[in-house]
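Structure first, then comments.
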Amino acid sequence: MEQVIECHPGKILEVLYEKEMWSIQKQWMATFAKNSQGANTKAYKWHTFSAGCYPSSEGEKARELYNNHSAHEYYIMANDDELVVLTDLKPETVDLLDYYIFPKNMAWCMAFTHEEGWLGPYFAKHPDYEKLNIDNQKQIEKEKQKAFAKSKGWT
């Protein structure tokens with residue numbers, strides 16, 4: 001698979017194109033930006049957070065929350081509506097200016113901005129965060145059990 005962006009650690013599992021990409025972006029907007037009237041999310045989706053249209057944590061608190069969350073796989077969504085990829089590990093660095101990282105079920109989202117230090121980064125939780133985050137933890141445990149079974153040669 002052609003590497004469309006660099007992200008570390010981890011690797012890109014899938015590049016989403018057209019219909020799938022737009023579906024993820026539409027779902028993200030419906031979750032995190034549905035009440036962002038006047039926040040100019042067409043320019044930058046993270047304006048939903050900087051304008052206070054959706055509750056979020058900012059700066060070092062956002063980074064701390066991001067570092068303390070995990071999932072089985074993660075979407076990386078570019079701000080420019082041109083790219084959504086699925087990666088196996090939570091990225092620490094991505095070679096994009098404005099982007100969003102979130103688990104497949106959108107339990108939470110970390111928004112990285114080109115204005116970092118002045119605006120952002122932002123960490124936000126889905127309205128159903130508690131349930132979705134529990135689902136993420138269950139999936140992580142399930143994947144650990146699968147890996148253990150595979151290491152033992154069990155099928």
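Stretch LYS34-ASP128 to full length: gain in nm at 0.36 nm per residue minus the Cα-Cα span?
Value of the extension gain: 32.3 nm.
Let me spell out the model: positive unit charges on the Cβ of Lys and Arg, negative unit charges on the Cβ of Asp and Glu, origin at the Cα centre of the chain. What dipole size does that give, in debye rounded to 20?
760 debye
With a cut-off of 20 Å, note down the residues of region 60-79 whose backbone N falls inside the zone around a label point 7 Å from the Cα of SER151 toward its beta carbon.
Counting only backbone N, you get 71-73.
At what distance in angstrom do the alpha carbon centres of region 130-155 and region 27-71 lie from each other?
29 Å
If we count every other residue with Cβ under 14 angstrom of THR87's Cβ, Lys/Arg +1 and Asp/Glu -1, where does the sum land?
Taking every other residue near THR87 into account, the sum is -3.
What angle do you read, to the nearest 10 degrees and between 0 and 90, between the alpha-carbon axis of helix 18-32 and the longest principal axis of the chain?
Orientation of helix 18-32: about 60 degrees from the principal axis.
Grab the DSSP H runs of the chain that are 4 residues or longer, score each as -39,500 (n - 2.57), total them, divide by all residues and round the 222 nm result to the nearest 500 deg cm²/dmol.
The per-residue figure over the chain is -10000 deg cm²/dmol.
Anything over 20 Å Cα to Cα? Flag those among LYS104/LYS144; LYS42/LYS90; LYS131/LYS152; LYS34/LYS125, in the order listed.
Distance filter (> 20 Å) returns LYS42/LYS90; LYS131/LYS152.
Tally Lys/Arg at +1 and Asp/Glu at -1 over every other residue whose Cβ is under 12 Å from the Cβ of SER36; what's the total?
With Lys, Arg at +1 and Asp, Glu at -1, the neighbours total +3.
Taking Cα pairs under 8 Å and at least six residues apart, what relative contact order does region 9-155 come out at, in percent?
Reported relative contact order: 25 percent.
Please get the size of the charge dipole for region 63-155, origin at its Cα centre, with Cβ charges of +1 on Lys and Arg and -1 on Asp and Glu, quoted in debye to the nearest 20.
Roughly 840 debye, rounded to the nearest 20.
When the scattering of the chain is computed by the Debye formula from its Cα atoms alone, each counted once and equally, what is log10 I(q)/I(0) at q = 0.16 Å⁻¹?
-0.88
Under 15 Å between alpha carbons, and skipping anything fewer than 8 positions from LYS19 in its own chain: which aspartates and glutamates qualify?
ASP81, GLU82
Rounded, prolate or oblate, given the Cα gyration tensor of region 50-106, with a/c below 1.5 counting as rounded?
Because a/c hits 1.5 or more and a/b fails to exceed b/c, region 50-106 counts as oblate.
Computed from the coordinates by the stated procedures, all read-outs in this text should not be read as laboratory data. Every value quoted in this text rests on a predicted model; they were computed, and no experiment measured them. Please note: Cβ atoms are built from the backbone with ideal geometry, for glycine as well, and neighbour counts cover all protein chains shown.
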